[in-house]
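See structure below.
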Amino acid sequence: MALFARTTKNLIIKIDEYFDAIELGLLVFREGIGAYLEGNKESFQRHIDKLDSLEGTADRLQRTIENEMINNSIIPQQRSEVTKLIDELDEIIDSLKKSLNEINIELPFIPAELNKDFISLTVTSCSAAEELIPAARAYFYSTYTVREKLLKVYYFESETDKMALQLKKKIFQEMPSVDLPHKAHLRYIIHHIERVSDLAQKAADLLSGMAIKIIS
């Protein structure tokens with residue numbers, strides 16, 4: 001089932017561009033964290049700038065999509081839910097931008113021995129959101145495939161929770177040389193990273209319900 005079979009080609013293009021911006025934002029965030037851990041300040045700043053640009057693009061596309069649906073009376077029955085889904089995706093890229101900017105302000109010291117752990121956590125958390133995008137695209141083109149595509153979102157979100165818990169245990173229980181304020185700061189950074197997968201799960205829950213309504 002193609003939800004937008006009778007709508008304008010321009011709107012379909014804008015929706016795809018919006019999803020592209022979110023996907024690229026996730027990639028930039030992941031690479032930005034890597035650049036920070038490597039101590040590459042110039043590369044890290046470039047990723048901040050790129051993510052800021054992508055977030056601005058996503059915001060503009062979001063307004064365009066919502067306005068076009070209203071002005072042209074497109075999918076009136078699903079409009080509120082589609083708008084909510086777009087808002088949930090916008091929360092993801094907003095969170096990515098905020099996290100990199102806060103790291104840039106606070107400049108947390110992450111011990112080199114934790115680099116691999118932080119990279120793995122970032123990749124897994126971002127994977128949850130990355131798997132959300134094809135499911136969101138499927139809602140508009142082949143709704144019946146949405147729920148099976150969401151399985152990976154839930155898998156990576158669960159794995160992120162496990163990895164974050166193990167990393168926090170490692171920091172608080174196995175690193176006596178790190179003082180408590182520093183440990184608390186590291187926990188705060190971990191929270192920022194795992195929040196990506198939490199937001200992906202939230203959007204996945206919404207998308208799953210939306211798909212059920214269409215195919216039932």
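The figures follow:
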quantity: Some residue of the stretch 157-176 being outside any helix (DSSP H, G or I) and free of Cβ contacts under 8 Å to residues at least 60 places away in the same chain; calculated: yes
quantity: The lone exception for M69 - which of (1) without any contact (Cβ under 8 Å) to a residue 12 or more places away in the chain; (2) over 25 Å from Q201 (Cβ atoms) it fails; calculated: (1)
quantity: Count - residues of the stretch 116-155 that are among the aromatic types (F, W, Y), over 20 Å from S99 (Cα atoms) and in contact (Cβ under 8 Å) with a residue 60 or more places away in the chain; calculated: 4
quantity: Residue check, E194 crowded, with 16+ Cβ neighbours inside 10 Å, within 24 Å of N101 (Cα to Cα) and under 16 Å from the mean Cα position of the chain (by Cα); calculated: yes
quantity: Hits in the stretch 131-177 - residues which are more than 15 Å from the chain's Cα centre (by Cα), surrounded by 18 or more Cβ atoms within 10 Å (Cβ to Cβ) and aromatic (F, W, Y); calculated: Y139, F140
quantity: Selection within the stretch 60-118 - loosely packed, with under 14 Cβ neighbours inside 10 Å, modelled with pLDDT under 95, over 22 Å from the mean Cα position of the chain (by Cα) and assigned to a helix (DSSP H, G or I); calculated: N67, I70, N71
quantity: Output for the stretch 140-153, where each listed residue is more than 17 Å from A21 (Cβ to Cβ) and not aliphatic (A, V, I, L, M); calculated: Y141, S142, T143, Y144, T145, R147, E148, K149, K152
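The values are calculated or read from the model by the stated rules, or taken from the named source; none is laboratory data. The model shown is predicted, which means the values in this text are computed figures rather than measured ones. Virtual Cβ from ideal backbone geometry, glycine too; neighbours counted across all protein chains shown.
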